[in-house]
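As structure tokens, the structure follows; a few thoughts come after it.
The values are calculated or read from the model by the stated rules, or taken from the named source; none is laboratory data. Computed from a predicted structure; not experimentally measured. Neighbour counts are summed over all protein chains in view; Cβ atoms, including those assigned to glycine, are modelled from backbone coordinates with ideal geometry.
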Ligand code: AKB
């Protein structure tokens, strides 16, 4: 049987690094697309790469026609803090880039007469809790609650989710003959923590930054308060969720957009877990008011019962396992000899 072809946009990013590896080991033909040259560390996992801007619609369409993907993992995006620094550009990349991809994919698939699966990582940033009291009293937030984001990143992610649903279900609704070929599947991720890479541009980045900094024997100054609680997920679980939803038969999916959750933890609890292993290090707290406002608007817990029910989602790593079996051993190995 022919190999399935998976195209990954924004392939050089944190998620892309591990996803390419996993797709290759699952037997996919892997095509990587990024605005920059593909990192040599991950180029061993790919069959072909394209250096292209996601907002160059003509290039995206010709790549789709050449690569003929069955699935696109659309990772290319500006994260929350980076997006706040240049909201216009973030809107262009996160919204227009997604629109161009969906439009080109619909055109390519219409010609090829075959469905194309678009897997989209959305985020807890689509939520906007009005204040800390509401955040502290809200229990597990479902997909339909508090979808009033305060950041341009959250707004673009929410809009991109709706664009995906539109292309799958309602594209050119007035034309009764319109054939639609997009199969759109989105996951709302919590903050992701990888042992391999340090993220940049996110607001949940205090967690991975703290871990990587302490593991290098340095002290860390947190830009959020110690009592800040967010949901987080270990990167291997994020990759598991992406591949699992991509491979689930469509008839099992009762919705297009799913929360996926793993564990919730405060900044102080993260510091405690890591300082236990690197006792010569310290964490200080110097909250940045704007970034604090952003994390205070994101839920402490999200409800992922629909993902668990429809496609058997469950995380392999709880907080203890994330730190003890994944992050601590891997970051210790990564930085050994550097202190
Ligand atoms: C960010 O902080 O922007 C991301 C996210 C929560 O989507 N990590």
Original post:
Going through region 139-159 one residue at a time, which ones are in contact with a strand residue (DSSP E or B) (Cβ under 8 Å, 6 or more places away or on another chain) and more than 15 Å from the ligand (Cβ to nearest atom)?
Top reply: 140, 142, 143
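Could you count how many residues in region 59-88 are in contact with a helix residue (DSSP H, G or I) (Cβ under 8 Å, 6 or more places away or on another chain) and within 15 Å of the ligand (Cβ to nearest atom)? Show your work before the answer.
Pass one, region 59-88, residues in contact with a helix residue (DSSP H, G or I) (Cβ under 8 Å, 6 or more places away or on another chain): 60-61, 64-65, 68, 71-84, 87.
Filter once more, so that each one left must be within 15 Å of the ligand (Cβ to nearest atom): 74-84, 87.
Residues in region 59-88 being in contact with a helix residue (DSSP H, G or I) (Cβ under 8 Å, 6 or more places away or on another chain) and within 15 Å of the ligand (Cβ to nearest atom): 12 in total.
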Subject >> Only listed residue being modelled with pLDDT of 95 or more and surrounded by fewer than 21 Cβ atoms within 10 Å (Cβ to Cβ), chosen from 100, 78 >> reply: 100
Subject >> Enumeration of residues in region 199-226 that are surrounded by 14 or more Cβ atoms within 10 Å (Cβ to Cβ), within 25 Å of the chain's Cα centre (by Cα) and part of a loop (DSSP other than H, G, I, E, B) >> reply: 199, 201, 202, 203, 204, 205, 223, 224, 225, 226
Original post:
What residue, of 153, 171, is more than 24 Å from residue 251 (Cβ to Cβ) and at pLDDT 95 or above?
Top reply: 153
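Can you confirm whether region 297-308 contains a residue that is assigned to a loop (DSSP other than H, G, I, E, B), more than 16 Å from the ligand (Cβ to nearest atom) and at pLDDT below 95?
There is no residue in region 297-308 that is assigned to a loop (DSSP other than H, G, I, E, B), more than 16 Å from the ligand (Cβ to nearest atom) and at pLDDT below 95.
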Subject >> Options 162, 136: the member that is within 20 Å of residue 232 (Cβ to Cβ), more than 16 Å from the ligand (Cβ to nearest atom) and outside any loop (DSSP other than H, G, I, E, B) >> reply: 136
